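Below: the structure, in structure tokens.
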Amino acid sequence: MNRHAEFISFKFLLNDRIQKIQQIAKEYDLEHNSYIAFSGGKDSTVLHYMIDEALPGNKIPRVYSNSGLDYTLLQQFVRNMAKQDSRFVIIYPKKDVKTTLENVGYPFKSKRHSHICDIYSRQGKTGCVKKYADGEKGSTLNCPKILQYQFENELPFKISDKCCMEFKKKPFIEYERQSKRFIGLTGMRQAEGGQRINLNCLVFSDDKLHRFHPLAPCNDNFIELYIKTHGIKLCSLYYEPYNFTRTGCVGCPFSTTLKKDLETMAKVLPREKARCENIWEKVYKEYRRIGYRL
């Protein structure tokens, strides 16, 4: 696709998204019933500006959960935005990171792998565990051979997919309860892959709108064009000398770019590197022992 055609496609999708936001805002009174789950990353920053483009003068809260697992520079980025915009709300989950991870389990490889490890630790080799661990030959959905030992012996430490629930989802659930705003707007996109590949724009719970993902059909090119055409300034982690492509939890073991990220941190963010090694010590040690990701 040439640049002109790409721009036309961008404008078409942008207009569609603006109209969708306006439609949902009118139908579900987003002004009084919703909030933006603001992570400080690229997608949620784009969403912040797109909501303003679609709904000028809106007072929808931008809620950031400072879990203690974000990059320090990202926390500073959100605090600076909050100083300039009273719609920003920063909440602080009252959880000790290391203690919580010991209790609920550490993330390992992916959410799916960690979830099945959790089932295995509680119920043994059930049908879904066996299907994943001993799946069809050649399937990319199978457990990698190098990790199959985790379904043959006792796990090296507690593994589960509950980390995101504890540090990301639960704080927003509590915010919803206190604010009475039960519609969460997120920057999640299908193009991110994994569990989000089948992401729906609208998510209902008990016949009530619960989540609205305006960027669901937007690909990476759309996001980059929106940033460029609207002159958006992102968190400094996306620029030199860091050049991160994602700014989720610092050193998250789920990241497929973990090795590269840690190498970058070692050069330009040594304190963050040390923090990662402390938080995820057990996972990193196991990754290095078996020669996986690190």
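The values are calculated or read from the model by the stated rules, or taken from the named source; none is laboratory data. What you see is a predicted model; the values in this text were computed from it and never measured. Methodologically, a virtual Cβ is constructed for each residue, glycine included, from the backbone with ideal geometry; neighbour enumeration extends over all protein chains shown. Please note that ligands, DNA and RNA were not included when accessible areas were found on the heavy atoms of the full protein model with its side chains. Shrake-Rupley method; radii C 1.70, N 1.55, O 1.52, S 1.80 Å.
Size descriptors for segment 1-42, from the alpha-carbon set: Rg then Dmax equal 14.4, 42 Å. When its C-alpha radius of gyration is set against 2.2 N^0.38 Å (N residues), the chain gives a value of 1.06.
In this structure the amide hydrogen of PHE88, modeled in the peptide plane, comes within under 5 Å of the amide hydrogens of ARG62, none closer than 5 places in sequence on its chain. The phi torsions of segment 161-168, fed into the Karplus equation with coefficients 6.51, -1.76 and 1.60 and a -60° offset, translate into couplings of 9, 8, 4, 4, 4, 5, 9, 10 Hz, rounded to whole numbers, with Gly and Pro shown as x. Relative to the longest principal axis of the chain, what angle (0 to 90°, nearest 10) does the C-alpha long axis of helix 42-54 take? Roughly 20 degrees, rounded to the nearest 10. Note that segment 1-98, at 25 °C in a medium of 0.890 mPa s, gets a Stokes-Einstein diffusion coefficient of 161 µm²/s from its Kirkwood radius over C-alpha pairs.
With Cα atoms as the point set, the radius of gyration and Dmax of segment 196-250 evaluate to 15.1, 47 Å.
Could you sort out which of LYS20/LYS168; LYS20/LYS233; LYS125/LYS273; LYS170/LYS260; LYS42/LYS162; LYS59/LYS233 sit more than 28 Å apart by Cα distance in this structure? Intermediate values should be presented prior to the final figure.
Numbers: LYS20/LYS168 26 Å; LYS20/LYS233 25 Å; LYS125/LYS273 36 Å; LYS170/LYS260 30 Å; LYS42/LYS162 24 Å; LYS59/LYS233 21 Å.
Those over the limit are LYS125/LYS273; LYS170/LYS260.
Computed over segment 84-184, the alpha-carbon pair-distance distribution with 10 angstrom bins reads 14, 36, 24, 17, 8, 1, each value a whole percent. For the chain, the antiparallel share of DSSP beta bridges with both residues in that region comes to about 25%.
Close amide H partners of LEU185, meaning residues 5 or more places away or on another chain with modelled amide H under 5 Å apart, are TYR35, ILE36, ALA37, PHE212. Compute the relative contact order of the chain as a whole-number percentage, counting only Cα pairs closer than 8 Å that sit 6 or more residues apart in sequence. Computed over the chain, the figure is 22 percent. The residues of the chain present an accessible area of 54 Å² per residue when probed at 1.4 Å with all protein chains retained. From the convex hull of the Cα coordinates of segment 150-294, what is the mean projected area in square nanometres? Taking the Cα atoms of segment 150-294, their convex hull projects to 12.0 nm² on average. This model, with +1 at the C-beta of Lys and Arg and -1 at the C-beta of Asp and Glu, gives the chain a dipole about its Cα centre of some 520 debye.
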